[in-house]
1. Search region 25-47 for residues that are in contact (Cβ under 8 Å) with a residue 40 or more places away in the chain and pair each with any residue that is hydrophobic (A, V, I, L, M, F, W, C) and surrounded by fewer than 12 Cβ atoms within 10 Å (Cβ to Cβ) when their beta-carbon atoms are under 7 Å apart and the residues are at least 6 apart or on different chains.
2. Please enumerate the residues belonging to region 6-25 that are β-branched (Val, Ile, Thr) and over 16 Å from His59 (Cα atoms).
3. Please determine whether any residue of region 32-40 is modelled with pLDDT of 95 or more and not in a helix (DSSP H, G or I).
Amino acid sequence: MHVYVNEETLPQAWEKAVKETWDNGEPFRTEYDNENDLASKDSTAMIVVRDPMREPRLHRIFPGGIDDLEIFSNFLV
């Protein structure tokens, strides 16, 4: 399964890539799955962000906590 995303901002591109992968991705099980968990999804993705420095640069539903945000923000500088 291949995903192609072309969006204006990083949050828009991230959300669209997640949705496309969830809707159309290839299901697979991981070593972390419990018996009743839904399968994870996988895809190959090409993501184009036309204005990557435009705010907001993080999705309002950023996964992870404040520690993850600090690590992630180091990559944006």
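1. Qualifying pairs under 7 Å: Asp42/Phe28.
2. Scanning region 6-25 gives a single hit, Thr21.
3. Looking through region 32-40, none of the residues is modelled with pLDDT of 95 or more and not in a helix (DSSP H, G or I).
The values are calculated or read from the model by the stated rules, or taken from the named source; none is laboratory data. Note that the structure is predicted; figures quoted are calculated from it, not measured. FYI the Cβ positions are ideal-geometry reconstructions off the backbone, even for glycines, and counts take in every protein chain you see.
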